[in-house]
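Shown next, in C-alpha coordinates, is the structure this report addresses.
The values are calculated or read from the model by the stated rules, or taken from the named source; none is laboratory data. Because the structure is predicted, anything quoted here is derived from the model rather than measured. Because the Cβ atoms are built from the backbone with ideal geometry, glycine has one as well, and the counts that use them run over all protein chains shown.
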Amino acid sequence: MRFCSECATPVVLQIPVDDTRERFVCPSCSTIHYQNPKMVVGSIPAWEENGVTKILLCKRAIEPRLGYWTLPAGFMENNETTSQAAQRETAEEAGANIKLHDLFSILNVPHVHQVHLFYRATLLDLNYAAGVESLEVALFSEEQIPWDDIAFPTISHTLKFFFNDLARVKEGGQFRVHEYDIFKPMRDG
(Lines give C-alpha, C1' and ligand atoms only; values in the text may rest on other atoms or scores of the structure.)
Protein backbone atom coordinates (compact mmCIF):
# COMPACT_ATOMS: atom_id res chain seq x y z
CA MET A 1 0.00 0.00 0.00
CA ARG A 2 1.40 3.38 -0.94
CA PHE A 3 -1.42 5.90 -0.51
CA CYS A 4 -4.24 6.47 1.94
CA SER A 5 -7.61 5.42 0.52
CA GLU A 6 -9.27 8.22 2.51
CA CYS A 7 -7.17 11.25 1.50
CA ALA A 8 -4.50 10.00 -0.98
CA THR A 9 -1.56 11.02 1.22
CA PRO A 10 1.42 8.63 1.10
CA VAL A 11 1.18 6.21 4.04
CA VAL A 12 3.91 5.21 6.47
CA LEU A 13 4.54 1.86 8.10
CA GLN A 14 4.45 2.15 11.89
CA ILE A 15 3.02 0.58 15.04
CA PRO A 16 -0.09 2.57 16.01
CA VAL A 17 -0.77 3.47 19.64
CA ASP A 18 -2.27 0.51 21.55
CA ASP A 19 -1.31 -1.91 18.77
CA THR A 20 1.45 -4.52 18.49
CA ARG A 21 1.94 -4.78 14.73
CA GLU A 22 3.17 -2.50 12.01
CA ARG A 23 0.31 -1.05 9.98
CA PHE A 24 0.05 1.40 7.12
CA VAL A 25 -0.94 4.71 8.75
CA CYS A 26 -1.79 7.99 7.10
CA PRO A 27 0.24 10.83 8.67
CA SER A 28 -2.31 13.34 7.41
CA CYS A 29 -5.73 11.97 8.45
CA SER A 30 -4.48 9.28 10.92
CA THR A 31 -6.40 6.48 9.20
CA ILE A 32 -5.00 3.07 10.08
CA HIS A 33 -5.18 0.72 7.12
CA TYR A 34 -5.58 -2.82 8.48
CA GLN A 35 -4.69 -5.65 6.15
CA ASN A 36 -6.22 -8.96 7.14
CA PRO A 37 -6.15 -12.48 5.70
CA LYS A 38 -8.35 -13.39 2.75
CA MET A 39 -10.85 -16.21 3.13
CA VAL A 40 -10.84 -18.90 0.45
CA VAL A 41 -13.97 -21.05 0.72
CA GLY A 42 -15.03 -24.15 -1.15
CA SER A 43 -16.63 -27.55 -1.07
CA ILE A 44 -15.78 -31.22 -1.36
CA PRO A 45 -18.58 -32.37 -3.70
CA ALA A 46 -19.02 -36.13 -3.29
CA TRP A 47 -20.97 -38.63 -5.38
CA GLU A 48 -21.64 -42.19 -4.25
CA GLU A 49 -21.79 -44.75 -7.05
CA ASN A 50 -21.81 -48.53 -6.56
CA GLY A 51 -20.27 -48.17 -3.11
CA VAL A 52 -17.45 -45.93 -4.38
CA THR A 53 -17.20 -42.29 -3.32
CA LYS A 54 -16.00 -39.93 -6.01
CA ILE A 55 -15.03 -36.27 -5.61
CA LEU A 56 -15.67 -33.56 -8.19
CA LEU A 57 -12.48 -31.70 -9.10
CA CYS A 58 -11.93 -28.72 -11.40
CA LYS A 59 -8.94 -28.22 -13.72
CA ARG A 60 -7.90 -24.58 -13.36
CA ALA A 61 -8.29 -22.29 -16.39
CA ILE A 62 -6.54 -19.40 -14.62
CA GLU A 63 -3.28 -18.67 -12.89
CA PRO A 64 -1.95 -19.44 -10.42
CA ARG A 65 -1.53 -23.14 -11.21
CA LEU A 66 -3.23 -23.09 -14.61
CA GLY A 67 -3.98 -26.66 -15.74
CA TYR A 68 -3.80 -28.19 -12.26
CA TRP A 69 -6.69 -29.80 -10.40
CA THR A 70 -8.48 -28.28 -7.42
CA LEU A 71 -11.65 -28.46 -5.41
CA PRO A 72 -14.21 -25.79 -6.37
CA ALA A 73 -13.25 -22.83 -4.19
CA GLY A 74 -12.46 -19.13 -4.29
CA PHE A 75 -12.35 -15.89 -2.39
CA MET A 76 -15.29 -15.13 -0.15
CA GLU A 77 -17.22 -12.00 -1.09
CA ASN A 78 -18.50 -9.29 1.23
CA ASN A 79 -22.08 -9.76 2.44
CA GLU A 80 -22.06 -13.55 2.22
CA THR A 81 -21.59 -16.33 4.75
CA THR A 82 -18.92 -19.00 4.40
CA SER A 83 -21.56 -21.58 3.44
CA GLN A 84 -22.99 -19.22 0.80
CA ALA A 85 -19.46 -18.68 -0.55
CA ALA A 86 -18.89 -22.45 -0.78
CA GLN A 87 -22.14 -22.97 -2.68
CA ARG A 88 -21.51 -20.00 -5.00
CA GLU A 89 -17.96 -21.08 -5.83
CA THR A 90 -19.10 -24.64 -6.51
CA ALA A 91 -21.79 -23.38 -8.89
CA GLU A 92 -19.42 -20.90 -10.60
CA GLU A 93 -16.46 -23.22 -11.09
CA ALA A 94 -18.16 -26.58 -11.55
CA GLY A 95 -21.77 -25.77 -12.43
CA ALA A 96 -22.70 -28.27 -9.73
CA ASN A 97 -25.83 -28.54 -7.62
CA ILE A 98 -24.89 -29.55 -4.10
CA LYS A 99 -26.28 -30.12 -0.65
CA LEU A 100 -23.81 -28.54 1.74
CA HIS A 101 -22.91 -30.36 4.95
CA ASP A 102 -20.66 -29.47 7.88
CA LEU A 103 -17.44 -27.50 7.79
CA PHE A 104 -14.68 -30.04 7.20
CA SER A 105 -11.29 -28.35 7.06
CA ILE A 106 -9.67 -25.10 8.12
CA LEU A 107 -6.24 -24.54 6.63
CA ASN A 108 -4.15 -21.55 7.66
CA VAL A 109 -1.71 -20.32 5.01
CA PRO A 110 -0.03 -17.36 6.73
CA HIS A 111 2.72 -16.74 4.15
CA VAL A 112 0.05 -15.79 1.56
CA HIS A 113 -2.30 -14.18 4.11
CA GLN A 114 -5.10 -16.69 3.56
CA VAL A 115 -7.38 -19.05 5.46
CA HIS A 116 -8.98 -21.86 3.41
CA LEU A 117 -12.29 -23.41 4.54
CA PHE A 118 -13.86 -26.47 2.94
CA TYR A 119 -17.33 -27.91 3.52
CA ARG A 120 -18.36 -31.48 2.83
CA ALA A 121 -21.04 -31.59 0.14
CA THR A 122 -23.14 -34.11 -1.74
CA LEU A 123 -23.75 -33.72 -5.47
CA LEU A 124 -27.51 -33.68 -6.06
CA ASP A 125 -27.14 -34.79 -9.68
CA LEU A 126 -24.53 -35.28 -12.38
CA ASN A 127 -25.42 -32.06 -14.21
CA TYR A 128 -22.10 -30.28 -13.80
CA ALA A 129 -19.97 -28.37 -16.29
CA ALA A 130 -16.79 -26.32 -16.31
CA GLY A 131 -17.26 -22.66 -15.44
CA VAL A 132 -15.14 -19.82 -16.84
CA GLU A 133 -12.35 -20.49 -14.32
CA SER A 134 -12.23 -24.24 -15.10
CA LEU A 135 -10.91 -26.05 -18.17
CA GLU A 136 -12.83 -29.18 -17.21
CA VAL A 137 -14.50 -30.86 -14.25
CA ALA A 138 -14.51 -34.57 -13.47
CA LEU A 139 -15.33 -37.10 -10.77
CA PHE A 140 -12.44 -39.03 -9.24
CA SER A 141 -12.30 -41.93 -6.81
CA GLU A 142 -9.44 -41.82 -4.32
CA GLU A 143 -7.32 -44.06 -6.56
CA GLN A 144 -8.02 -41.93 -9.65
CA ILE A 145 -7.13 -38.53 -8.16
CA PRO A 146 -4.21 -36.97 -10.07
CA TRP A 147 -2.20 -36.41 -6.88
CA ASP A 148 0.86 -35.09 -8.75
CA ASP A 149 -1.29 -32.50 -10.52
CA ILE A 150 -3.14 -31.04 -7.53
CA ALA A 151 -2.94 -27.24 -7.60
CA PHE A 152 -2.36 -26.38 -3.93
CA PRO A 153 -1.26 -28.07 -0.69
CA THR A 154 -4.58 -27.06 0.94
CA ILE A 155 -6.38 -29.23 -1.61
CA SER A 156 -4.08 -32.24 -1.14
CA HIS A 157 -4.40 -32.08 2.63
CA THR A 158 -8.18 -31.67 2.51
CA LEU A 159 -8.57 -34.63 0.13
CA LYS A 160 -6.33 -36.83 2.30
CA PHE A 161 -8.26 -35.84 5.43
CA PHE A 162 -11.52 -36.61 3.59
CA PHE A 163 -10.56 -40.07 2.41
CA ASN A 164 -9.05 -40.98 5.81
CA ASP A 165 -12.28 -39.93 7.52
CA LEU A 166 -14.37 -41.71 4.89
CA ALA A 167 -12.63 -44.99 5.73
CA ARG A 168 -13.50 -44.44 9.42
CA VAL A 169 -17.11 -43.53 8.54
CA LYS A 170 -17.48 -46.83 6.66
CA GLU A 171 -16.42 -48.57 9.90
CA GLY A 172 -18.98 -46.65 11.99
CA GLY A 173 -16.93 -43.54 12.76
CA GLN A 174 -17.65 -39.92 11.95
CA PHE A 175 -16.27 -37.10 9.88
CA ARG A 176 -14.52 -34.49 11.98
CA VAL A 177 -13.25 -30.95 11.51
CA HIS A 178 -9.59 -30.75 10.54
CA GLU A 179 -7.35 -27.78 11.24
CA TYR A 180 -3.93 -27.58 9.63
CA ASP A 181 -1.22 -24.94 9.20
CA ILE A 182 0.76 -24.73 5.98
CA PHE A 183 3.96 -22.73 6.26
CA LYS A 184 6.10 -21.69 3.34
CA PRO A 185 9.05 -24.06 3.04
CA MET A 186 12.41 -22.48 3.87
CA ARG A 187 14.79 -22.33 0.93
CA ASP A 188 18.38 -23.48 1.34
CA GLY A 189 21.08 -20.93 0.69
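A compact table of results
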read-out	value
The stretch 2-45: number of residues that are crowded, with 19+ Cβ neighbours inside 10 Å and out of contact with any His (no Cβ under 8 Å at 6 or more places or on another chain)	3
Among (1) closer than 20 Å to Val177 by Cα; (2) without any contact (Cβ under 8 Å) to a residue 60 or more places away in the chain; (3) of a type in the set (Ser, Thr, Tyr), the one test that Tyr34 misses	(1)
The stretch 119-147 - residue that is small (Gly, Ala, Ser) and surrounded by 12 or more Cβ atoms within 10 Å (Cβ to Cβ) and, of those, nearest to Glu179 (Cα to Cα)	Ala121
Of all residues in the stretch 54-67 being out of contact with any Ser or Thr (no Cβ under 7 Å at 6 or more places or on another chain) and surrounded by fewer than 18 Cβ atoms within 10 Å (Cβ to Cβ), the one that is farthest from Val109 (Cα to Cα)	Gly67
Any strands (runs of 3 or more DSSP E) falling wholly within the stretch 58-162 and containing at least 1 residues that are closer than 24 Å to Pro37 by Cβ and out of contact with any Gly (no Cβ under 6 Å at 6 or more places or on another chain)	73-75, 98-109, 114-123
Filtered residue count, the stretch 114-130, keeping only those that are in contact (Cβ under 8 Å) with a residue 60 or more places away in the chain and more than 12 Å from the chain's Cα centre (by Cα)	7
Test set (1) touching a Gly at 6+ places or on another chain (Cβ under 9 Å); (2) of a type in the set (Ser, Thr, Tyr); (3) closer than 30 Å to Cys7 by Cβ - Tyr34 fails condition number	(1)
Residue check for Leu103: surrounded by fewer than 22 Cβ atoms within 10 Å (Cβ to Cβ), over 24 Å from Pro185 (Cβ atoms) and touching a helix residue (DSSP H, G or I) at 6+ places or on another chain (Cβ under 8 Å)	yes
Filtered residues of the stretch 78-88 (kept if within 26 Å of Ala138 (Cα to Cα) and either within 13 Å of the chain's Cα centre (by Cα) or exposed (fewer than 13 other Cβ atoms within 10 Å of the Cβ) (or both))	Thr82, Ser83, Ala85, Ala86, Gln87, Arg88
Pairs with Cβ under 6 Å, 6+ apart, first in the stretch 135-150 and closer than 21 Å to Glu49 by Cβ and assigned by TED's automatic domain parsing to the domain that holds Phe163, second in a helix (DSSP H, G or I) and not aromatic (Phe, Trp, Tyr)	Val137/Ala94
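Residues checked against (1) touching a residue at least 12 places away in the same chain (Cβ under 8 Å); (2) aliphatic (A, V, I, L, M):
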| site | (1), (2) |
| --- | --- |
| Leu56 | yes, yes |
| Tyr68 | yes, no |
| Leu71 | yes, yes |
| Phe75 | yes, no |
| Asn79 | no, no |
| Thr82 | yes, no |
| Ala86 | yes, yes |
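Let's see how each residue does on (1) assigned by TED's automatic domain parsing to the domain that holds Phe75; (2) at positive phi; (3) of a type outside the set (Val, Ile, Thr):
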site: Arg2; (1), (2), (3): no, no, yes
site: Pro10; (1), (2), (3): no, no, yes
site: Ile15; (1), (2), (3): no, no, no
site: Glu22; (1), (2), (3): no, no, yes
site: Val25; (1), (2), (3): no, no, no
site: Ser30; (1), (2), (3): no, yes, yes
